[in-house]
Amino acid sequence: MVRRLGSNAVITAHPSGPGPREQPVRVAELLAGWFVLGLVVGVVTQILQGYHLGSWAWIANSGGPWLLAAFAAGAVMRGMALGAVIGVTTLTGANLGYAAAVTWIEHGTSSTSTTVFWIIIGVLGGPVFGAAGTWWRIAPGWRRAVAAGTIGAVFVGEGIRGLWFITPVQHGGWEQIVIGVVLAIWLAQTWRERGTAIATLICLQPLMVLVFAAVDRAR
């Protein structure tokens with residue numbers, strides 16, 4: 001836009017970006033895209049369980065990969081609210097993809113109650129880890145470190161659960177612990193952040209024990 005003041009011209013540039021009509025379309029595209037990615041995650045993790053991969057099959061059957069997908073979805077967002085919604089969308093897709101793979105690829109059955117149960121878990125966990133992914137992207141310093149430690153804590157918590165309560169998959173437990181620690185360290189950007197991420201990971205373990213115990217008892 002050009003505004004003339006006498007013989008001078010003052011040029012004011014407006015930042016480019018989606019208009020008010022384009023923004024809802026963009027959000028819908030993101031939701032659809034991450035829902036489809038969630039479907040793929042659900043199908044792939046179900047297929048991997050059918051192969052004789054030893055402890056890696058156990059990891060594919062755990063919640064860590066799904067929550068990591070929600071975290072990754074949130075990490076491409078710029079707002080916490082949208083990150084939370086994207087997290088739910090991704091986990092809903094993963095659950096439906098998993099159920100579809102059980103029925104159409106493995107020719108098994110996945111009960112409606114089981115599917116609904118995991119959708120509810122996705123509705124509860126999706127906002128937390130989707131928003132954590134967004135926080136990791138947009139928040140500096142200790143906030144980014146806490147987000148990194150939070151996703152790492154899931155893998156470590158599931159690994160401890162495997163080591164203590166599910167004897168045949170002890171080796172998978174150790175691998176999950178390693179994955180969780182490596183994730184927390186890798187996602188942090190400075191040594192101070194890495195220390196905060198590991199501290200967060202450790203402090204969250206009592207909560208992880210309670211959450212996994214509640215989920216095991218409910219299903």
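Counting only helices (runs of 4 or more DSSP H) that sit wholly inside region 134-219, those with at least 2 residues that are open to solvent by 10 Å² or more (accessible area, probe 1.4 Å) and either of a type in the set (F, W, Y) or at pLDDT below 95 (or both) are 142-165, 170-187, 205-218. Test I105 against the stated conditions and say whether it is open to solvent by 60 Å² or more (accessible area, probe 1.4 Å), modelled with pLDDT under 85 and either closer than 30 Å to L201 by Cα or touching a Gly at 6+ places or on another chain (Cβ under 9 Å) (or both). Yes; evaluated as a whole, the condition is true for this residue.
To keep it simple, each residue is scored yes or no on (1) at pLDDT 90 or above; (2) in a loop (DSSP other than H, G, I, E, B); (3) out of contact with any Lys or Arg (no Cβ under 9 Å at 6 or more places or on another chain); (4) closer than 20 Å to V116 by Cβ.
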position: A9; (1), (2), (3), (4): no, no, no, no
position: S16; (1), (2), (3), (4): no, yes, yes, no
position: V36; (1), (2), (3), (4): yes, no, yes, no
position: I59; (1), (2), (3), (4): no, no, yes, no
position: A70; (1), (2), (3), (4): yes, no, yes, yes
position: A84; (1), (2), (3), (4): yes, no, yes, no
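Residues considered: A60, A94, A72. Of these, the only one that is open to solvent by 20 Å² or more (accessible area, probe 1.4 Å), on the phi < 0 side of the Ramachandran plot and of a type outside the set (V, I, T) is A72.
Looking only at residues in region 41-57 that are more than 24 Å from A147 (Cβ to Cβ) and among the hydrophobic types (A, V, I, L, M, F, W, C), which one is modelled with the lowest pLDDT? By that ranking, first place goes to L53.
Residues of region 102-158 that are among the β-branched types (V, I, T), without any contact (Cβ under 8 Å) to a residue 40 or more places away in the chain and touching a Ser or Thr at 6+ places or on another chain (Cβ under 9 Å): T103, T109, I119, V123.
The values are calculated or read from the model by the stated rules, or taken from the named source; none is laboratory data. Every value quoted in this text rests on a predicted model; they were computed, and no experiment measured them. With ideal geometry, Cβ positions are generated from the backbone for all residues, glycine too; neighbour counts draw on all protein chains shown. Accessible surface areas use protein heavy atoms only, side chains included; no ligands, DNA or RNA. Shrake-Rupley method; radii C 1.70, N 1.55, O 1.52, S 1.80 Å.
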